[in-house]
Amino acid sequence: MTSPAFVGQRSRRPLARNRRDIAALAGAGRAARRRARTWWEVRAALRQVRRHSSHPAPIRICWDLDNTLVNSGVLLREGHSLRDAIVRADPVSNMLEFFAAVHSTLPDADHFILTARVRAMRRDTETWLLRHGLAQIDAPLCLVPDVDAKKRVWELLARTSRLVIIDDLSLNHEREEPTRNDDLIEIARRVAVVYIAADEIASIAGDSQAIDATVSRIIAGSHNVGTRTRLGENC
């Protein structure tokens, strides 16, 4: 005769397995929904870019937000959430002045803002741009759900224009020393006629006198058709 204790132990095992199976299925469902949402958001971004790039421009300047124009990394390192940081962050020092200098010096250039933020952050992002005067400039805002999707956007923009990319392309901004996204940096260098990287952004943030020199390099690089350059290197 089987003891009651043994029967109870044996009956609990299938229940435990069922719970694990249910949890695994729920986790798989959430992962599938995230993949579907990411796929949809990338597709929506690419449709936006195709519509925009159907109107050719001699020069397109693609601006990043986080840690390029928006100093969100400081708040992340203080423990704030990304959503809180994108609302409360100050601009990176001197970068709004740099934006204005590029805009006034290259009046025929088309400006495009590309940021790795999910679609739910669009309203907060637009509010930040409005608060700091960037909404007045006719620069479409394009959100992609992850930084790797930027590559496809750049390639589309570069098909009809000489592309300038201004993007720190670093990861892990919540750390004291963010890491470089070397793969994307190499792609940006290849796709753009001028690529302004984290070092140049830091130079501008540290010294406003770097603005004029950087604008001059953009002018020189973007007018040399067929020549691909990046700041900080000899061509």
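The values are calculated or read from the model by the stated rules, or taken from the named source; none is laboratory data. All of these numbers come straight from a predicted model, not from anything done at the bench. FYI the Cβ positions are ideal-geometry reconstructions off the backbone, even for glycines, and counts take in every protein chain you see.
When the residues of segment 94-145 are filtered to those that are of a type in the set (S, T, N, Q) and farther than 26 Å from Leu184 by Cα, which remaining residue is modelled with the lowest pLDDT? Working first, answer last.
Filtering segment 94-145 for residues of a type in the set (S, T, N, Q) gives 94, 104-105, 115, 125, 127, 136.
Of the ones still in play, those that are also farther than 26 Å from Leu184 by Cα are 104-105, 127, 136.
Working: Ser104: 95, Thr105: 96, Thr127: 95, Gln136: 75.
Per the stated criteria, the residue is Gln136.
If you go through segment 54-100, how many residues are of a type in the set (Lys, Arg) and either part of a strand (DSSP E or B) or closer than 19 Å to Ala135 by Cα (or both)?
Step one: filter segment 54-100 for residues of a type in the set (Lys, Arg), giving 60, 77, 83, 88.
Now restrict to residues that are either part of a strand (DSSP E or B) or closer than 19 Å to Ala135 by Cα (or both): 60, 88.
Going through segment 54-100 one residue at a time, the tally reaches 2.
Please verify whether Ala205 is within 20 Å of Ile86 (Cβ to Cβ), under 16 Å from the mean Cα position of the chain (by Cα) and in contact (Cβ under 8 Å) with a residue 12 or more places away in the chain, treating the condition exactly as stated.
Values: within 20 Å of Ile86 (Cβ to Cβ): yes; under 16 Å from the mean Cα position of the chain (by Cα): no; in contact (Cβ under 8 Å) with a residue 12 or more places away in the chain: yes.
Judged against the criteria, Ala205 is not a match.
Considering segment 163-182 alone, what residues qualify as being over 18 Å from Arg50 (Cβ atoms) and either of a type in the set (S, T, N, Q) or at pLDDT 95 or above (or both)?
So in segment 163-182, the residues over 18 Å from Arg50 (Cβ atoms) come out as 164-182.
Residues satisfying the conditions are Val164, Ile165, Ile166, Asp167, Asp168, Leu169, Ser170, Asn172, Thr179, Asn181, Asp182.
Output yes when any residue across segment 101-114 is in contact with a Leu (Cβ under 9 Å, 6 or more places away or on another chain) and in a helix (DSSP H, G or I), and no when none is.
No, every residue in segment 101-114 fails to be in contact with a Leu (Cβ under 9 Å, 6 or more places away or on another chain) and in a helix (DSSP H, G or I).
For segment 140-229, which helices (runs of 4 or more DSSP H) that fit wholly inside it have 2 or more residues that are touching a helix residue (DSSP H, G or I) at 6+ places or on another chain (Cβ under 7 Å) and more than 17 Å from Thr105 (Cα to Cα)? Walk me through how you get there before you give the answer.
Numbers: elements: 150-159, 182-191, 198-206, 210-223.
Of the helices (runs of 4 or more DSSP H) lying wholly inside segment 140-229, those with at least 2 residues that are touching a helix residue (DSSP H, G or I) at 6+ places or on another chain (Cβ under 7 Å) and more than 17 Å from Thr105 (Cα to Cα) span 150-159, 182-191, 198-206.
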